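To start, the structure itself, in C-alpha cells.
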Amino acid sequence: MPSLYIQTYGCQMNVYDSQRLADAMEHSHQMTQVSSPEDADLLVVNTCSIREKAQEKTFSEVGRWRRLKQKKPSTIIAVVGCVASQEGEAIIRRAPYVDIVLGPQTLHQLPRLYDQVKSTQKPCVDVSFPEIEKFDALPDRASDGPCALISVMEGCSKYCSYCIVPYTRGEEISRPFDDILVEASQLVDQGIKEITLLGQNVNDYRGLTPEGHEADLALLIHYLAAFDGLERIRFTTSHPTAFSDTLIDCYAEEPKLAAHLHLPVQSGSNKILSLMKRDYTVELFQEKIEKLKSKRPDISISSDFIVGFPGETEQDFQDTLSLVKSIYFDRSFSFIYSPRPGTPAANLFDPETLDSKKDKLKRLQDLLNHQSQTISRQMVGSIQQVLITQINENRPEEVIGRTENNRIINAIGDTSHIGQLHPMRIKTARPHSLEAEFCLDA
Ligand code: SAH
Ligand code: SF4
Ligand code: F3S
C-alpha cells in the first residue's frame, strides 16, 4: 500500500483541507496516512503564511525532506496551502526537489498531479482560484472521533491592512447551503456530535435554503440544530462588523450553539483599528458583546490580538489592556505584528523596537492568562456539559473531553463514555485542563 504523510500548519481551515486531502488520496490511490515522514511515498506540507515565522516553517520542513528523497528518489514532495499560493513557482526555484505546488483552492488536483509527476518526472504548479470546484471534486467525508470541521466559506474580502489571507485564499465565496447540509448529515450518520463551521469570516455566509430563501449563518445554524444526534455547534472565525443581530438571537434560540464565541478584536484603540482597516470601533464591539451577554449570560468570549502594530503607542496598548479587562476575555491568541509582503501595512513607518513589542506581548499574555485561570477556578464546583472525545493515551483509566467554553477535561472513565455529552462536576482547575467527575445526580 502506498503511504502519505501530511504536516499541517496554520488555521483550522488548513486542518480541514488536510483531512479532505487524505480522504482524496485514500479514495484515488488507496493511500494510508502515516504518522512519520520516513518511507512515505507522498510527503505533503500544508502551509501558512499569516506571519513570517509560520512561513519559514515551510522551507525548513521541505529541507528536512530533501534527505528522505535522496535516500528514496521515487518520493513525491508537495507544498500546498497559503505559502504555495503566495510563492507559486518560486518554491520550486528555491527548493528544486519539490514536485507539486498547489494553492488552497486547487488541492483537489493532488491525485491527478501525483500520477502526472510520477510519469513525466516534471514539477507541477497550480495556484489559481477556480470558483469553488474543490469541494465538488473531493470524495465523501470519513469521520474520526465525535467532533468534525466543515468549511462553509473560502477566502476573505475584508482586506485588513496587515493580513495576507485575501491574497493567498482569494475573495470570499460561500459554499452552497445544500452541500453543507449533505456533508453535515453524512457526518451525523457516522456518529458526529459536534460540528465547527469554518471560514475566515463566517458571519458573512450567504446561501439559499432548499425553499429558495436567502440564508445567513444564523439560518444555517438553525437548520443544522434540527439534526437529531448532533449535540453541539460552533463556528470560527467571525468578524465583529458582520456579527449580526440574527446571530446574537441564535444564541438565545439554539441551545445546541455552544456558549462560547471567538471574536477577534485585534486592538482596543480606535486609532489602531482604523489603521488596521477593521471598520468597527471599540464602542461598537462592546455594544455587540453587551447584547450577546444579555441573551446568553454564561457565554465565554475569546479573541485575537496584534501588538506592536506600526504607530501603536503605550497609550494605545493600555487601551487594549483596558478592553481585555472590561470584556473579561477568556483564553485568547495574541501575536507580535509581522509585516507581510504586498499588504498595505507593510509600507507603514514602524520605529518600535522588537524588545518593546515583546514586552507588550508578555504583559498582554500575562493578563489574558490570569483571566482565563480565574475563569477556570470559578468553574470549580459547577456542573458543565462535557463532550467526551477520547481515552487519555498516557492514563488509560481516564477519558478526555471538552466543555462548552473549550476547556479540556480529564476524568476517570472508559470507552462507553466516548462520543456523548455528559453533565460533569468540576473538581480542580489546572493550568491547561480541568479535573472532573461524572455527575450521576444531575
Ligand atoms: N479571519 C480572522 C482571523 C484570521 S488570521 C479574523 O479576521 O479575525 C488569525 C489571526 O492572526 C488574526 O486574527 C490576527 O490576530 C493574526 N494576524 C493576521 N495577520 C497578522 C500579521 N500580519 N501579524 C501578526 N498577526 C497577524
Ligand atoms: Fe485577514 Fe481581516 Fe480577512 Fe481576518 S477578516 S482573514 S484578519 S483580511
Ligand atoms: Fe494561515 Fe492561510 Fe489559515 S495564511 S491562518 S493557513 S488561511
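With 10 Å bins from zero, work out the P(r) of the chain over every alpha carbon pair and list the percent per bin.
Spelled out bin by bin, the chain gives 4, 19, 28, 28, 17, 3, 0 percent.
Tell me, for the chain, which Cys residues have no other cysteine's C-beta sitting closer than 4.7 Å.
So, Cys11, Cys48, Cys82, Cys124, Cys147, Cys156, Cys250, Cys439.
At 1.4 Å probe size, put Asp228, Asp319 in order of accessible surface, largest to smallest. It would help to have the intermediate numbers written out before the result.
Working: Asp228 140, Asp319 55 Å².
Of Asp228, Asp319, the descending order of accessible area is Asp228, Asp319.
Rounded to whole Å, give me the distance from the Cα center of the stretch 155-221 to that of the stretch 11-53.
Measuring centre to centre over Cα atoms gives 22 Å.
Looking only at His422, His27, His213, which one moves most when the chain is put into a Gaussian network model with springs between Cα atoms under 10 Å?
In this elastic network of the chain, the residue with the biggest mean-square fluctuation among His422, His27, His213 is His213.
For a protection proxy built on the mean count of beta-carbon atoms within 10 angstrom, sort 99-110, 37-48, 188-199, 64-75 highest first, please.
Working: 99-110: 23.8, 37-48: 21.8, 188-199: 20.1, 64-75: 13.0.
In descending order of packing, they fall as 99-110, 37-48, 188-199, 64-75.
Roughly to the nearest percent, how much of the accessible area of the chain is carbon and sulfur, given a 1.4 Å probe?
Values: 9820 of 19300 Å².
Result for the chain: 51 percent of the exposed heavy-atom area is carbon or sulfur.
Residues with amide H under 5 Å of Phe235's amide H, sequence separation 5 or more or different chain, H placed in the peptide plane at 1.01 Å from N; which?
Amide H to amide H, under 5 Å and 5 or more residues apart or across chains, Phe235 pairs with Leu197.
The values are calculated or read from the model by the stated rules, or taken from the named source; none is laboratory data. Owing to the predicted nature of the structure, the values given are computational and were not obtained by experimental measurement. Here the Cβ is made from the backbone with ideal geometry for all residues, glycine too, and neighbour counts use every protein chain on show. The protein model used for the area step is the full one, side chains on, heavy atoms only, and it has no ligands, DNA or RNA in it. Shrake-Rupley method; radii C 1.70, N 1.55, O 1.52, S 1.80 Å.
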